[in-house]
Amino acid sequence: LPAVYSLDGLLVFGLLLVCTCAYLRKVPRLRTWLLSERRGIWGVCYKAAVIGTRLHVAVSVSCLLMAFYVLVGK
């Protein structure tokens, strides 16, 4: 829980949210069930999925850099 309050913990949480929502958007049954709503908490998941699919190269490079930072830099 204390890691969420640091900047790197917040970045890891954001990247995991974007990657998870983008993955869930690729599953057809989950896409219609989870990511059809555009308001509230499901709207945040929908927007994270859109970011993950449109900026997939930047998100994947960010995930690799963050993994390297967490494993080696910390």
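The values are calculated or read from the model by the stated rules, or taken from the named source; none is laboratory data. Keep in mind that this is a model prediction, so the values were computed, not measured. Glycine also receives a Cβ, built like all others from the backbone with ideal geometry; neighbour counts cover every protein chain displayed. Note: areas computed on protein heavy atoms with side chains; ligands, DNA, RNA excluded. Shrake-Rupley method; radii C 1.70, N 1.55, O 1.52, S 1.80 Å.
Only residues that are at pLDDT below 85 and small (Gly, Ala, Ser): list them for region 23-64, please. Correct list: 36, 40, 43.
Of all residues in region 29-74, those satisfying the criterion of being open to solvent by less than 50 Å² (accessible area, probe 1.4 Å) and over 17 Å from residue 12 (Cβ atoms) are 34, 35, 43, 45, 46, 49, 50, 53.
Residues in region 54-72: is at least one in contact (Cβ under 8 Å) with a residue 60 or more places away in the chain and of a type outside the set (Asp, Glu)? The answer is yes, given that some residue of region 54-72 is in contact (Cβ under 8 Å) with a residue 60 or more places away in the chain and of a type outside the set (Asp, Glu). Residues that are at pLDDT 85 or above and either in contact with a His (Cβ under 6 Å, 6 or more places away or on another chain) or open to solvent by less than 40 Å² (accessible area, probe 1.4 Å) (or both) were ranked within region 1-22; the one that is nearest to residue 37 (Cα to Cα) is 21.
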